[in-house]
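To start, the structure under review is shown below, and the notes come after it.
The values are calculated or read from the model by the stated rules, or taken from the named source; none is laboratory data. Here the structure is a predicted model, which means the values were calculated and not measured. Methodologically, a virtual Cβ is constructed for each residue, glycine included, from the backbone with ideal geometry; neighbour enumeration extends over all protein chains shown. Note: accessible area is taken over every heavy atom of the protein model, side chains too, but ligands, DNA and RNA are not part of it. Shrake-Rupley method; radii C 1.70, N 1.55, O 1.52, S 1.80 Å.
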Amino acid sequence: MGLKTALPKLELYLYTAVLYLAILWAGSWIWEASSENMNRKVFKKSVKPGWHYFGRKMDVADFEWVMWFTTFRNHILFALAGHVIFAKLCSLISPRMGMDFWYCKRRSLIYGLYGGLAVLVSMGWSFLALVLSHCFILYSVALVKRKWIVFIAGLASLATFKMEPFNSWQEGFVIGSFDLQDILFYGGSGFTIMRCMSFALENCEKKDGNYSFLDLLKYNFYLPFFYFGPIQTFDQYHDQANNPNLTRKQREMWNITTKALLHLGVILLVDVFFHYLYILTIPNDIKLVKQLSDWSLAGLAYSNLVYDWVKSAVMFGVINTVARLDHLDPPQPPKCITMLYVFAETHFDRGINDWLCKYVYDYIGGSHTNIFKELVATLCTFGITTLWLGPCDVVYIWSFYNCLGLNLELWVATFFSLPPFSTIEHAMGEAMSRRIRGIFGAVNFWTIVLYNVLALNSVEFAKLVGKRLIVQGFPQSTLSVLFVTYCGVQLVKERERKQALMDELEQAAVPPTPEEVGKEKTE
């Protein structure tokens, strides 16, 4: 109730003004902390020379961003460009040889061959043999067509790359030592196991016969997804990569080019922010953080999550651009943390999320209305997630609180859907219902922030933020931060309301198919 109700425009204008003023106010505190503490020990370690002509240094606390977009940028671009050029050459040569249809049907094989060669050149025969051995084991398990056996074998294989001493023993198969070795080893190995499990689970659903081992190899060695993800489930990849119809939709290339330029613009924008707001270095100095105001502390926690979303969106966006050039429809980038006020949509890797939802969460939880089934589904989901991330204290804490939040969300929604609360909600009107739901959404938003910031920064930083905003800052800081968050939630709800109306109009404009017309007549 209240989700499709519009609030007065003046009220929405007020929410917008409050939100932007609060962001600017918190940003000014972070700017001040970034500019006045350059002599601190933590800053000397994490803030390195940057734009000399502007007199600004750069925050390099996030090794992953620095690695992808500075140190190893040329290696990644070279590999992805080689994939695109190789696929384009094959698509140009095939028609001249009278093999146009053959290319359309066999392009997944071409992608797999290039990917396999790239893995061989970058990591060597021993790593390729190691990956193939895991593929062969899980393919053999897939032939049994028992899902529980697939999960046991798959999770056992994944554990060998996430737990000692098995991961160190297998890493020893990689001959030599080079800068990208660890990243490529654990990335390629982990994603391989998840893809093999998807293949095996889809094979269990196949009624007539089995998929071939070659199908698994073509799926696994698609280079853009091999090392860095995202994971596209086997059924989706198999259908899209073997689709003989390679025609582009209207303005599709324009959209691909636009998104590629957008990703480039975001990379440059992040680079600008890293030279002026040291949001990643400040949380590492707890003494400095304790000196910050409640507002700047809230802004710091929020900005860290926004940055992590931006990083995920850009990294997956670059890879997805290549996949779209190959006529694939890869998993969408993660939903921005600003748009999140429910735990069910909290994820920073849409590929892993889709995998977990399809094979675990939705499979066990069903409609997600039964409290017991939901509890079992979330426990299994976060158990696998913990193994995927690598078991450690921080991951255990993160998994526990996010699992609790997801279940608590269902418990609260179920409780308030019962009389007399449901009766009161219907009596108060849709606009007031939306406002009350917005209050719950604001509380939920900060719960999501606190539960996830501990994994991005540290448990100590998350505890400090929670203590300052909930205990020491009560009631002034607590209520003011919640009010600003409430304004943001209402603006997000308004955007979702307009999007839902647009979707309804688009569906109404599309004429029904002959099958739908026949079904309506039959009914």
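Here are the numbers for this structure:
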read-out	value
Computed label-point distance, nm, for sites Thr160 and Asp329 using a 7 Å Cα→Cβ extension	3.6 nm
Label-point separation, Phe72 to His368 (7 Å along Cα→Cβ), nm	3.3 nm
Sequence-distant aspartates and glutamates (8 or more away, or on other chains) whose Cα lies within less than 13 Å of Lys147	Glu202, Glu205
Contour excess over end-to-end distance, with Cα ends at Trp411 and Ala344 and 0.36 nm allotted per residue	22.8 nm
Trp25, Trp411, Trp309, reordered so the largest accessible area comes first (probe 1.4 Å)	Trp25, Trp411, Trp309
Area of Glu345 that stays accessible when all protein chains are in place (1.4 Å probe, Å², to 10)	70 Å²
Accessible area of the chain divided out per residue, in Å², using a probe of 1.4 angstrom	52 Å²
Cross-link reach list, aspartates and glutamates versus Lys259, counting only Cα pairs under 17 Å and skipping chain neighbours closer than eight places	Asp326, Asp329
Net charge of Cβ neighbours under 14 Å - reference His263; Lys, Arg +1; Asp, Glu -1	+3
Kyte-Doolittle mean at least 1.6, axial Cα span of 20 Å or more - DSSP H helices of the chain	125-142
Solvent accessible area, Å² - His368, 1.4 Å probe, full protein context	40 Å²
Eligible aspartates and glutamates near Lys9 by straight Cα distance, threshold 17 Å, same-chain separation 8 or greater	Glu430, Glu494, Glu496
FRET E, pair Lys206, Gln507, Förster distance 30 Å, beta-carbon r, rounded to 0.05	0.40
Answer label, with mean projected area of the Cα convex hull in nm² calculated from the coordinates and candidates (i) 25.6; (ii) 31.9; (iii) 29.9	(iii)
Residues with amide H under 5 Å from that of Ile231, placed H, sequence gap 5 or more	Gly351, Ile352
Which listed pairs, of Lys57/Lys463; Lys335/Lys493; Lys311/Lys373; Lys290/Lys311, have C-alpha distances above 24 Å, in listed order	Lys57/Lys463; Lys311/Lys373; Lys290/Lys311
Accessible-area order (highest first, 1.4 angstrom probe) of the listed residues Trp65, Trp148	Trp148, Trp65
Heavy-atom accessible area ranking, 1.4 Å probe, most first, across Ser157, Ser133	Ser133, Ser157
Prolate/oblate/rounded call for segment 71-246, Cα gyration tensor, a/c under 1.5 rounded	oblate
Cut-off under 5 Å, modelled amide H: who pairs with Arg56 long-range	Trp51
Cα-projected label distance for Ile85 with Glu64, points at 7 Å along beta-carbon direction, nm	3.0 nm
Estimated dipole of the chain in Debye, rounded to 20 [Cβ of Lys and Arg +1, of Asp and Glu -1, Cα centre]	680 debye
Share of carbon and sulfur in the accessible heavy-atom surface of the chain [1.4 Å probe, %]	67 percent
Zone residues, segment 437-460, relative to Phe474, backbone N less than 20 Å from point 7 Å out along Cα-to-Cβ	439-451
